[in-house]
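K.L.:
Sharing a structure here in structure tokens format.
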């Protein structure tokens, strides 16, 4: 690894938990580590949450308390990821320097008492952060148990409104636009008399109403997070060995995170996919979502696909469910089998580590009812036993998945700029409230269609797609979905058009191409830059307050399909109509159209498709799924994930997301990835409720 950044290529699948011996009421380090070893744990994460333990008073360091943990882990062959503690500031620092408190609005400080309350861009904070980081690394970085470093923890929680942050934002705008008249023109500041005569007249973000300002502000805030993490990574690289990696763990919905840009400065992507368990993983049920974890099988897979997307490579799961997650009122521990299922689901989409939050359920603090591997009694129970079985399976798999790359029947474009813009101006309302997750809702509608139809998705950032070029993109991913791509450059739209021209099947969803790179609505026929190639245009659009049935034509038969939330008033001008609405007004518009263009095709979906409609569209576009090579036809609650291995073989993961036993028939000979036993083509495979089977074929 060089001094800047290098790809870390993991071997085997690391398996373990976050471990905080310092959180225990009494001493039980050896017992804990022995239990971990017996469960097949191979990694723990330590140290990132306890700055006040590392430095109990200003300039007084206690660095030795971790040594027994590192030594004990190393003696048992358990590897360690060492964290920097910068996301949880000690009380003495906030008392001595209240100016480092983050401000959610100008002059409104984030109250102390939780975590991530500080303005990490503040120069005073950086002095103290660097001091504690260097002290920890100087003492422990080269311990033989330490395989890598986590800098900070789930960064990007707050948008900082502090004075020096605003001044830096204004300075960057001046460097970008050079003179204030250029900003006036680009942002349309004639509107409502906002034209500036001098940079000092730029108003604060608190009361801003301009989408152009907000997009610039959100990009700037994400860049602060990227710079902060890169700064810490630079410090770590001064101390690490060549065989140690540097990462941070992301919560992807954080408002001040651009995961692609942030991970460009790190060795491997890592993140914390939490998901609803119990009936929320039943593929045959629709269960209300919890407040923040994803709901449904597709939601779990989408989190994994997002993690893979950041660097288009395998990733680490630094935190995920062990028992119940959340507060004292969300107690939904997994059904038997769901822990292994979810772990293999993440592995099947590229995870090279599964690490649980956390080892033991806490007896105090905000996360008292956030269940760990051990319950409050600290006596191993069902969760420990199930994870021990999973650990045994992963040990038997060994290095068989090294170099694994998950398959994709369909690629889906992702745009953080569009996510930012659609949070400022959400196109939907749910239960009378604006939908801040509108962008994710659009993406998830299509992603779920991929999963429900038995296909597999790859999520691509727009920059990654642009870097491939249209011809290579069409060859590598024959189907590309561009939905909700609200913020786009002229080059982005040209790439989509050329992708279809080179033989790709482009699927356009709502809001794509509607605004330019400054969040200005385009002065163009919609879909901008693509309407002639797509053979369809629209002049008007409407929100929906209720589902509207959708009826397919002969080429796109549908069953219980519907339009949700939004309709573009499509007007076919050469395109074939594949589906229509059952509605006295909206029936005037096609729901889905398709049109040959160049060597490829452009299909336009003028609504947010219901799960039934999205799945049917994907089935029509991709008539033969990669998964069919293993089991012929499989339908929910059975899903199949797969991926290529460096030797030309393929790994397969078969899931039953429900209680009833399911049966599928193998289409090809395989070897069980866990037991090593061979199975012939034609074998009837029985899948118990909430079970997973893993195979390899050569």
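Any read-out appearing in this document is the output of simple, stated calculations on the displayed coordinates, not a laboratory observation. Source: prediction; values computed, not measured. Cβ atoms come from the backbone with ideal geometry, glycine included; neighbour counts cover every protein chain shown.
K.L.:
What ranking do 506-515, 138-147 get when scored by the average of other Cβ atoms within 10 Å per residue, highest first?
P.N.:
In decreasing order of mean packing, 506-515, 138-147 become 506-515, 138-147.
K.L.:
Assuming 0.36 nm per residue, please report the length gained on full extension of the stretch residue 201 to residue 179 beyond their Cα-Cα distance.
P.N.:
Using 0.36 nm per residue and subtracting the Cα-Cα distance, I get 6.6 nm.
K.L.:
Sort 392, 418, 52 by Cβ crowding within 10 Å, fewest neighbours at the top.
P.N.:
392, 52, 418
K.L.:
Could you compute the FRET efficiency for residue 9 and residue 644, with r as their C-beta to C-beta distance and R0 at 25 Å, rounded to 0.05?
P.N.:
The computed FRET efficiency comes out at 0.95.
K.L.:
While we're looking at this one, here's another question. Using mean Cβ contacts within 10 Å as the protection proxy, how do 26-32, 100-106, 588-594 order, highest first?
P.N.:
In descending order of packing, they fall as 588-594, 100-106, 26-32.
K.L.:
Based solely on its DSSP helices, what 222 nm [θ] is calculated for the chain when runs of n ≥ 4 H residues each add -39,500 (n - 2.57) and the sum is averaged over all residues, nearest 500 deg cm²/dmol?
P.N.:
Here the helix-only value at 222 nm equals -9000 deg cm²/dmol.
K.L.:
Rounded, prolate or oblate, given the Cα gyration tensor of the chain, with a/c below 1.5 counting as rounded? If you can, show how the numbers build up before the last one.
P.N.:
Numbers: a/c = 1.87, a/b = 1.13, b/c = 1.65.
Cα axes put the chain in the oblate bin.
K.L.:
Report the Cα centroid-to-centroid distance between segment 588-616 and segment 25-85 in angstrom, as an integer.
P.N.:
That distance is 53 Å.
K.L.:
In nm, to one decimal, how far is the modelled label at residue 521 from the one at residue 491, with both set 7 Å along Cα→Cβ?
P.N.:
The two pseudo-label positions are separated by 2.8 nm.
K.L.:
Rounded to the nearest 5, what % of DSSP beta bridges with both residues in segment 14-402 are antiparallel?
P.N.:
Of the beta bridges lying entirely in segment 14-402, close to 15 percent run antiparallel.
K.L.:
On a C-alpha basis, how far is the centre of segment 86-147 from the centre of segment 148-184 in Å? Whole number, if you could?
P.N.:
Each part reduced to its Cα centre gives a spacing of 19 Å.
K.L.:
Turning to a different aspect of this structure: Sort 360, 461 so the one with the fewest other Cβ atoms within 10 Å of its own Cβ comes first.
P.N.:
So the residues, fewest neighbours to most, are 461, 360.
K.L.:
Measuring from label point to label point, each 7 Å out along Cα→Cβ, what is the residue 405 to residue 209 span in nm?
P.N.:
5.1
K.L.:
Sticking with this structure for a sec: Kindly state, to the nearest 0.05, the FRET efficiency for residue 108 paired with residue 543, given R0 = 30 Å and r defined as their beta-carbon distance. The partial results should precede the final answer.
P.N.:
Working: r = 33 Å, r/R0 = 1.09.
In this case the efficiency is close to 0.35.
K.L.:
Can you give the Rg to Rh ratio of segment 628-697, both from alpha-carbon atoms, with Rh computed by the Kirkwood formula?
P.N.:
Working: Rg = 11.4 Å, Rh = 12.1 Å.
Taking Rg over the Kirkwood Rh, I get 0.95.
K.L.:
So, one more: Once each part is reduced to its C-alpha centroid, what is the distance from segment 538-571 to segment 288-325 in angstrom?
P.N.:
Using only Cα atoms to place each centre, the spacing works out to 29 Å.
K.L.:
Have a look at the DSSP beta bridges in segment 1-140 and tell me what percent are antiparallel, nearest 5.
P.N.:
For segment 1-140, the DSSP antiparallel bridge percentage is about 35.
K.L.:
Mind ordering 39-45, 621-627 by average Cβ neighbours within 10 Å, highest first? Don't skip to the answer; put the middle values down first.
P.N.:
On the way: 39-45: 24.6, 621-627: 18.0.
Sorting 39-45, 621-627 by mean packing, highest first, produces 39-45, 621-627.
K.L.:
Only counting other Cβ atoms within 10 Å, I'd like 228, 61, 220 sorted with the fewest neighbours first.
P.N.:
Values: 228 23, 61 15, 220 20.
Neighbour counts put them in this order, fewest first: 61, 220, 228.
K.L.:
Shape of segment 411-476 from its Cα gyration tensor (a ≥ b ≥ c, root eigenvalues): rounded if a/c is under 1.5, otherwise prolate when a/b > b/c, or oblate?
P.N.:
oblate
K.L.:
Then there is this: What does the C-alpha gyration tensor say about the overall shape of segment 485-624? Classify as rounded when a/c is under 1.5, otherwise prolate if a/b is larger than b/c, or oblate. Before the final figure, lay out the partial values.
P.N.:
On the way: a/c = 1.83, a/b = 1.24, b/c = 1.47.
Because a/c hits 1.5 or more and a/b fails to exceed b/c, segment 485-624 counts as oblate.
K.L.:
Also: Just to be sure I understand: of the beta bridges DSSP finds with both ends in segment 408-621, what percent are antiparallel, rounded to 5?
P.N.:
65
K.L.:
Can you give the FRET efficiency to the nearest 0.05 for residue 659 and residue 629, using r as the Cβ-Cβ distance and R₀ = 25 Å?
P.N.:
Computed FRET efficiency for residue 659 and residue 629: 0.35.
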